[in-house]
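The numbers here are math on the coordinates, done by the rules we state, and not lab data. In this text, all values refer to a predicted model and were calculated from it rather than measured experimentally. Counting neighbours? That spans all protein chains shown, and the Cβs are built from the backbone with ideal geometry, glycine included.
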Amino acid sequence: MVDTGKVVNKVAVVMAGGRGTRFWPRSRGHRPKQFLAMVGESTLLNQTVDRLGADFPPEKVYVVTTQELAAETRRMLPTLPPENVIVEPEGRNTAPCLALALVTIERQHPDSVMVVLSADHWITNHDAFLGDIDLAAHHAYQTHDLVTFGIRPAYPETGYGYIETSGQGMVLSVKAFREKPPLATAIEYVQSGQHYWNAGMFVWTLADMRRELLENCPEVLVPLDAWVAAGADSKAISAAYSALPKLSIDYALMEKSKHVAVVPTSFGWSDVGSWPAVVEFHEPDADGNVVVGEAVLVDSSNCAIFGGRRMIATSGLQDVIVVDEEDALLICHRDKAQGVKDIVERLQKLGRTDLL
């Protein structure tokens with residue numbers, strides 16, 4: 001039984017260095033997904049920080065981002081101390097990102113529980129969200145487990161990783177992490193009642209994260225420790241960081257640790273991972289069309305139009321997504337929206353940096 005009456009010092013770490021290439025042409029290198037108001041009136045990054053509320057005062061909120069995005073991140077979050085925006089010299093996946101956060105926060109809040117969040121998720125029922133965080137923080141503090149959050153699957157999604165659990169209660173044991181499955185396997189996972197979507201949110205004490213990294217993946221942490229021991233000079237971080245492997249925190253830590261637990265969430269969640277996911281947040285018309293902006297649709301059904309400054313007109317289209325920007329226009333089938341990432345890669349090969 002977790003004693004939630006104890007006072008646990010919590011800090012939040014928001015990972016905000018992603019590019020969101022599946023949202024091209026709206027998302028660009030200087031304007032990634034987390035900087036966009038994909039759902040609601042404010043940006044996903046602002047929503048992420050705002051929902052932490054009074055449980056996390058500004059001095060207890062850290063945002064990790066890249067050199068290119070640091071200035072805009074600070075501008076968008078004026079209540080955060082500027083030094084709480086932790087700058088990666090380059091993106092090297094989530095394990096180096098969080099290791100850098102660890103060695104930074106240890107010097108300021110050494111006895112804290114770290115709550116790791118993504119800057120580009122959508123979450124409902126904020127009271128339930130904060131309650132689940134509090135439960136996970138107390139469990140991590142008392143048991144020294146690494147805690148993750150599991151989303152009960154609403155359908156057999158093949159684009160998410162899954163967490164296989166055992167036991168019953170508010171905190172479950174993790175039996176295994178499962179990779180993104182084929183459809184038949186995803187159906188089995190949903191039917192089992194013991195599998196959850198892996199939301200990529202974590203809670204652990206700083207001391208336990210350090211212990212587990214040194215045991216399971218020291219190559220992610222040791223160069224940063226040497227950098228701190230040498231004085232943590234901001235000019236020397238690039239050399240230390242370039243020595244780190246490009247690894248996800250799931251692979252570096254969660255899949256290797258023998259001390260992992262999961263809190264099945266009681267809040268609504270979406271990773272807003274593609275244009276079809278955004279469509280789900282809008283009410284369609286009688287023909288199944290979603291229109292944001294100015295458009296005229298004739299003999300068209302199940303289409304999504306995300307307009308810009310000009311009128312968009314369609315005739316005889318079905319199951320198509322259109323996204324209009326001043327310098328680029330995306331037209332894709334709803335079932336092929338994941339291929340937008342491939343378009344970005346093709347533009348890179350063509351040298352069209354002006355569109356990226």
Once you've got the GNM for the chain with C-alpha springs shorter than 10 Å, pick whichever of 183, 45, 135 has the biggest mean-square fluctuation.
183
In sequence order, calculated HN-Hα J values of the range 52-64 (Karplus, 6.51, -1.76, 1.60; Hz; x Gly/Pro):
6, x, 6, 5, 9, x, x, 6, 9, 10, 10, 10, 9
Mean residue ellipticity at 222 nm from the helices of the chain, using -39,500 (n - 2.57) per DSSP H segment of n ≥ 4 over the full residue count, to the nearest 500 deg cm²/dmol?
-7500 deg cm²/dmol
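Within 10 Å of each residue's Cβ, count the other Cβ atoms and sort 204, 24 from fewest upward. Before the final figure, lay out the partial values.
Details: 204 30, 24 22.
The fewest-first ordering by Cβ neighbours comes to 24, 204.
Between beta-carbons, use under 14 Å as the cut-off and find the net charge around residue 30, counting Lys and Arg +1, Asp and Glu -1.
On the way: positive: 19, 26, 28, 31, 33, 75; negative: 68, 72, 325, 327, 354.
With Lys, Arg at +1 and Asp, Glu at -1, the neighbours total +1.
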Which of 332, 307, 291, positive extreme of dipole for the range 275-355 (C-beta unit charges)
332
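Ranked by Cβ crowding within 10 angstrom, fewest neighbours first, how are 27, 112 ordered? Can you show the working numbers first?
Numbers: 27 25, 112 20.
Result, fewest neighbours first: 112, 27.
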What's the center-to-center distance, using Cα atoms, between the range 63-125 and the range 134-178 in Å?
23 Å
Can you give me the long-range amide H partners of residue 88? Hydrogens built in the peptide plane at 1.01 Å from N, cutoff under 5 Å, separation of 5 or more residues or another chain.
65, 66, 67
Going by amide H atoms built from the backbone, whose H comes under 5 Å of the H on residue 144, apart from near neighbours?
none
Which residue, 248, 315, 270, has the most motion in a Gaussian network model of the chain that connects Cα atoms within less than 10 Å?
315
Restricted to the chain, the DSSP antiparallel beta bridge percent, nearest 5, is 45 percent
Answer label for Rg/Rh (Cα atoms, Kirkwood Rh) (calculated), chosen among (1) 0.98; (2) 0.93; (3) 1.00:
(1)
Could you give each residue of the range 185-196 its phi-based ³J(HN,Hα) in whole Hz, using Karplus coefficients 6.51, -1.76, 1.60 with θ = phi - 60°, and x for Gly or Pro?
6, 4, 4, 4, 4, 5, 5, 5, x, 10, 10, 10
Can you tell me which aspartates and glutamates have their Cα less than 16 Å from the Cα of residue 256? Leave out same-chain residues fewer than eight positions away.
145, 164, 179, 208, 212, 215, 219
